[in-house]
There are 2 protein chains.
Amino acid sequence: MKQEKLPSSQAITREPLSGSRKVYVQGERVRVAMREIELGDTVSFVNGKEVRQPNAAVTVYDTSGPYTDPAVDIDLKKGLPRLREAWITEREDVDRLDAFTSAYANERLARTELDTLRFEHLTTPYRAKAGRNVTQLHYARQGIITPEMEYIAIRENQRIEAQKGALAHQHPGQSFGARTPNGPITAEFVRQEVAAGRAIIPANINHPEAEPMIIGRNFLVKINTNIGNSVVSSSIEEEVEKAVWSCRWGGDTLMDLSTGKNIHETREWIIRNCPVPVGTVPIYQALEKVNGKAEDLTWEIFRDTLIEQAEQGVDYFTIHAGVLLRYIPLTARRVTGIVSRGGSILAKWCLAHHKENFLYTHFEEICEIMKAYDVSFSLGDGLRPGSIADANDAAQFAELETLGELTKIAWKHDVQVMIEGPGHVPMHLIKENMDKQLAHCDEAPFYTLGPLTTDIAPGYDHITSGIGAAMIGWFGTAMLCYVTPKEHLGLPNKKDVKDGVITYKIAAHAADLAKGHPGAQYRDNALSKARFEFRWEDQFNLSLDPDTAREFHDETLPAEGAKLAHFCSMCGPHFCSMKITQDVRAYAEEHGLGDEEVLGHAMLEKSREFAEQGGELYL
Amino acid sequence: MKQEKLPSSQAITREPLSGSRKVYVQGERVRVAMREIELGDTVSFVNGKEVRQPNAAVTVYDTSGPYTDPAVDIDLKKGLPRLREAWITEREDVDRLDAFTSAYANERLARTELDTLRFEHLTTPYRAKAGRNVTQLHYARQGIITPEMEYIAIRENQRIEAQKGALAHQHPGQSFGARTPNGPITAEFVRQEVAAGRAIIPANINHPEAEPMIIGRNFLVKINTNIGNSVVSSSIEEEVEKAVWSCRWGGDTLMDLSTGKNIHETREWIIRNCPVPVGTVPIYQALEKVNGKAEDLTWEIFRDTLIEQAEQGVDYFTIHAGVLLRYIPLTARRVTGIVSRGGSILAKWCLAHHKENFLYTHFEEICEIMKAYDVSFSLGDGLRPGSIADANDAAQFAELETLGELTKIAWKHDVQVMIEGPGHVPMHLIKENMDKQLAHCDEAPFYTLGPLTTDIAPGYDHITSGIGAAMIGWFGTAMLCYVTPKEHLGLPNKKDVKDGVITYKIAAHAADLAKGHPGAQYRDNALSKARFEFRWEDQFNLSLDPDTAREFHDETLPAEGAKLAHFCSMCGPHFCSMKITQDVRAYAEEHGLGDEEVLGHAMLEKSREFAEQGGELYL
């Protein structure tokens, strides 16, 4: 067996983001982690005297977890603090088991040669007491506001708080049937949205390390990142650092798509150290258990895999239960057939046995397992289009209708559900996907991959898909699954992961703006004000990627002084459009005259100054 | 004076794009340059025997000019072949002047210290004979089909020709009032669109080197790239290579925004060696002539600058004639005031003199100059929003209405016009921009910068704006002005230029697909078919950036053999979803049975094969 390189705490990125510090907002029962970006003063000159006006710090939603809090001692071998454990046990509806339930988990435990790569501080899992249901959906429908819901309300709200005194008018957004809250988000609103099935809180009782978050179209649009090793590459250490790295830049959930060696042990390391919900595609591991022979898959093997992963703490499962035998022939004439890995595994099984998809026939049993741990469904779109030519075809929409049918069954069990969506879709066909999903799946949250709006740019599919993601997010998709530049070509490295995350944060935020989310535009306003006032450091620190913004600026004007200079690096010192408008406004304040009049005087005076001092004025 | 580094032919990128060769399509009077991408055979196995089916080469629209034709001898000091010169002189409506008309041009010529950096083979300019109008709009309205129009018809059509036998159904696009042609584009259709003012052909009689192209929403969406030196950086050699480089990757037009030293000589080098139309913002150079003092600008200086640049061959001028005195106060309360450089120059002039914008008051004289050389208007949006907060405000739309008024005046003179658009606009406010532009400007082509859909990602504004560009292109914008990753931060280097161009090619193509342009989807289909059939080299060569696609693939699977392997680099050899569907289809062809039945048999047989050979089957 290849010697695994184990994660070392030294290899993990820890420092806070540039200009930021971790802050904690105290609620009734919870303490919510946020990121605060400190800003410099606005400097202006009135009658030649320097006037400083402070700018309020900007707090932003923070997915980076304890890693960016220097006060927290991180030990990957111990795992993150178990934030939610007390909330879970206080509900008195779970038992701490003496051992793992899954045969496979115990088999792996028994193999001493794996001790070297096993997570050290393994704890036995929690499970619902007999006859109890521990899903957030169940609590919500009972009218119970959980600490998780309170945490989320505070977390989603920060932007609104911080927005106080934000500049400029808000444009009314268009949310296409989404109910964008007008006021602050309350814990009761969170409960109502979960109870209605319009939002989910992926929160496995065995992943207490995760900070609660919500996926629903009346909240901030979220993004998912994918990591995972494969036969061809990667180690446990790389995967854990990729997980921490993707959270650092804004990943709201993380899918572990490992298909290589030691999937079970790798997953343990990731979950114990992951501050966001973790999703998986259990059929991938089940396939490994039958040596890649899809036709050898059985319900029993799959069932054991679900329990194995549920007891490790996976927060949501992608289940391709909508790939029905009768739909498969609908893909035979496609340009790109079946491109979903899970979809093709199940298609292969169905056809090999001439039987209906066992995930479909055993769906209620799956629900029974998931509600005992509060694992959420991510109903997979195994027949999603793999090319523009196959978009919105009969196979895709047939499966979507079945996913709607399965949603109702899951809800009958109070199990939380989101629906996965395409794929490759040209812009003019995107909205039809959203409309059909809302109609067929009774407003269960939509979770889409892209969609990619053209097939002709391999190497840039974070961009081809970022376009579609922003649009479908605006139309109502609750979570966007990121695509990296390596899509279709290879496995993402750290740079690819960051490029994918930042691109999708852009898409998600653009969607929040378009939906008129009251907590969205204040950050744009704060950054634009900083840009306009030449507060370069503030502009960098308010951006999604301060490091890259600063680096790009320094390529043209490296000098430290340039970051204090009152001109843009584009036009140079001699002339700057922003400077002009700024001078005009400064003069206006000084004389307190009406706009038109003022501006005239201002420019006349300025032109005299120019005559006297020329370019010097700007240096 | 800093010693200029002159362009050397060695420094210019010349080799054809990967897998491509230059082809020429012969028309009645013209020979049209296109790029042909050669494809490999589709290999399948029937009864164990290898069957090869050839794939037709794919021809694509080619903006790279003679540089990518190894048969053409390139000498930057001589400039490109003067493709259009014969067509221009045959019309017998132009005179070849004995000398340059502009005082400034002659003054520069007289300065012997500039000889070292002057373009060597200067020729005296052409100008319309007294009383003649040499614009393509004038010819179109006379019912004349020019060689330029014929060239464009063939050029825009290639995709449709190549589309023969393309796979899969076309989705009806949504063109929001654009009249997407159903059949092949004819030269007469080109003439009609130009005559109606819905499209322009930027084609200065003094830039015969440029290959004719059209900007209009019933044609392929085009992209513009900006280059230009500034006080803070860059040399003539860099600028010429940047121009060639941007054309290589797909730039349809090029704007020279130089504001540094030797603007006149730099522009000469660029135009003589540029295979696409060149645009400028004459007010930038005029400002340099008055040492950056906007209030010292005069109509006479500006007029001489227009003639200077028109006689060098600039194909379109950005003219900020819509920045009226009464609109300026509307910007004083904005978050980011006036961010357009041209707009703020004119605002400053207007306020300094308390006079109306001299570009507005002298607009008819400007038309007289432009029709003597066929320079097109790009009516500038000097009051465009510089932040989300300022989008779609009173100042922006007031100016747009004035641009509509000016459009009618230009058309009275048979001068071609396009309209510049924003800027920073959230997604839900984008369509209003397009609708108002069509209404106020009588369908004159819209030419937009982005728009950027959020302000919070400096360093990634090619992406924040690529989202908006794709959408507004779908809504009907005819040309998209690219934004590079350096926007707001610094001056683009070659990598930034390429990133900007590829991102905007993606946006333009996504828009063509959404509009249902009959010449768009065949390339997606060809690439997806290659992807599905594991023709890696074809997938790379059909992509917008073959070099990057190949490089990314090789990072994961470097071996040459991997490019022939029948599996994706993501899943590895053991399991591949595409492979499964492909096997199914192969089996179907082999037995010629009905889908459902076939697929069943196929998988049963496959499972036997797997049992015998296991993973080997895929290796």
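Specify which of the listed residues (B:Asn47, B:Asn55) is at positive phi, in contact (Cβ under 8 Å) with a residue 24 or more places away in the chain and among the polar types (S, T, N, Q). Steps first, please.
Working: B:Asn55 fails: at positive phi.
Within the list B:Asn47, B:Asn55, the selection yields B:Asn47.
Out of the residues in region A:25-44 meeting the condition of being open to solvent by 80 Å² or more (accessible area, probe 1.4 Å) and without any contact (Cβ under 8 Å) to a residue 60 or more places away in the chain, tell me which one is nearest to A:Ala243 (Cα to Cα).
A:Arg31
Only residues that are open to solvent by 10 Å² or more (accessible area, probe 1.4 Å) and touching a Gly at 6+ places or on another chain (Cβ under 9 Å): list them for region A:425-434, please.
Listed by number, the list holds a single entry, A:His428.
Find the helices (runs of 4 or more DSSP H) located wholly in region B:513-556 whose residues include 3 or more that are crowded, with 22+ Cβ neighbours inside 10 Å and basic (Lys, Arg), and list them. I'd like the intermediate steps shown before the answer.
Numbers: elements: B:521-532, B:536-542, B:546-556.
Per the criteria, B:521-532.
Return the residues of region B:384-398 that are touching a Phe, Trp or Tyr at 6+ places or on another chain (Cβ under 6 Å) and surrounded by 22 or more Cβ atoms within 10 Å (Cβ to Cβ); say none if nothing qualifies.
B:Ala395
Within 14 Å of another protein chain (Cβ to nearest Cβ), open to solvent by 10 Å² or more (accessible area, probe 1.4 Å) and at pLDDT below 95 - does that describe any residue in region A:414-423? Explain how you work it out, then say what you get.
Step one: list which residues in region A:414-423 are within 14 Å of another protein chain (Cβ to nearest Cβ), which gives A:422-423.
Applying the additional criterion that residues be open to solvent by 10 Å² or more (accessible area, probe 1.4 Å) yields none.
There is no residue in region A:414-423 that is within 14 Å of another protein chain (Cβ to nearest Cβ), open to solvent by 10 Å² or more (accessible area, probe 1.4 Å) and at pLDDT below 95.
Quick check: anything in region A:287-310 open to solvent by less than 10 Å² (accessible area, probe 1.4 Å), within 14 Å of another protein chain (Cβ to nearest Cβ) and within 22 Å of A:Gly79 (Cβ to Cβ)?
no
Of all residues in region B:186-201, which are within 28 Å of B:Glu268 (Cα to Cα) and either in a loop (DSSP other than H, G, I, E, B) or out of contact with any Leu (no Cβ under 8 Å at 6 or more places or on another chain) (or both)?
B:Ala199, B:Ile201
Could we say that B:Lys77 is touching a helix residue (DSSP H, G or I) at 6+ places or on another chain (Cβ under 9 Å) and surrounded by fewer than 18 Cβ atoms within 10 Å (Cβ to Cβ) here?
yes
Quick one: which of A:Asp538, A:Asp442, A:Asp435 is of a type outside the set (A, V, I, L, M, F, W, C), farther than 29 Å from B:Ile502 by Cα, outside the structural domain of A:Ser340 (by the TED database) and more than 16 Å from the chain's Cα centre (by Cα)? Before the answer, list the steps.
On the way: A:Asp442 fails: outside the structural domain of A:Ser340 (by the TED database); A:Asp435 fails: outside the structural domain of A:Ser340 (by the TED database).
When all the criteria are applied, what remains is A:Asp538.
Within region B:508-532, which residues are more than 7 Å from every other protein chain (Cβ to nearest Cβ) and among the small types (Gly, Ala, Ser)? Step through it out loud before you land on a result.
Taking region B:508-532 and keeping what is more than 7 Å from every other protein chain (Cβ to nearest Cβ), we get B:508, B:511-512, B:515-520, B:522, B:526, B:530.
Answer for region B:508-532, where residues must be more than 7 Å from every other protein chain (Cβ to nearest Cβ) and among the small types (Gly, Ala, Ser): B:Ala508, B:Ala511, B:Gly516, B:Gly519, B:Ala520, B:Ala526, B:Ala530.
Modelled with pLDDT of 65 or more, among the small types (Gly, Ala, Ser), at positive phi and in a loop (DSSP other than H, G, I, E, B) - does that describe any residue in region A:158-170?
no
Filter region A:335-381 down to the residues that are open to solvent by 10 Å² or more (accessible area, probe 1.4 Å), more than 8 Å from chain B (Cβ to nearest Cβ) and farther than 30 Å from A:Val194 by Cα and list them by number.
Listed by number, the residues that qualify are A:Trp349, A:His353, A:Lys355, A:Glu356.
Is one or more of the residues making up region B:311-324 touching a residue at least 24 places away in the same chain (Cβ under 8 Å), among the aliphatic types (A, V, I, L, M) and either assigned to a helix (DSSP H, G or I) or not assigned by the TED database to the domain that holds B:Tyr126 (or both)? Steps first, answer last, please.
Step one: of region B:311-324, the residues touching a residue at least 24 places away in the same chain (Cβ under 8 Å) are B:311-324.
Keeping just the survivors that are among the aliphatic types (A, V, I, L, M) gives B:314, B:319, B:321, B:323-324.
If we keep only those that are either assigned to a helix (DSSP H, G or I) or not assigned by the TED database to the domain that holds B:Tyr126 (or both) as well, we get none.
For region B:311-324, residues touching a residue at least 24 places away in the same chain (Cβ under 8 Å), among the aliphatic types (A, V, I, L, M) and either assigned to a helix (DSSP H, G or I) or not assigned by the TED database to the domain that holds B:Tyr126 (or both): absent.
Kindly indicate the residue of region A:462-507 that is assigned to a loop (DSSP other than H, G, I, E, B) and more than 10 Å from every other protein chain (Cβ to nearest Cβ) and also surrounded by the fewest Cβ atoms within 10 Å (Cβ to Cβ) among those meeting that condition.
A:Gly476
Here is a list: A:Val244, A:Val314. Which entry is closer than 27 Å to A:Glu405 by Cα and modelled with pLDDT of 95 or more?
On inspection, the qualifying residue turns out to be A:Val314.
The values are calculated or read from the model by the stated rules, or taken from the named source; none is laboratory data. Values in this document were obtained by computation on a predicted structure and should not be read as measured data. FYI the Cβ positions are ideal-geometry reconstructions off the backbone, even for glycines, and counts take in every protein chain you see. Calculation scope for accessible area: heavy atoms of the full protein, side chains included, ligands and nucleic acids excluded. Shrake-Rupley method; radii C 1.70, N 1.55, O 1.52, S 1.80 Å.
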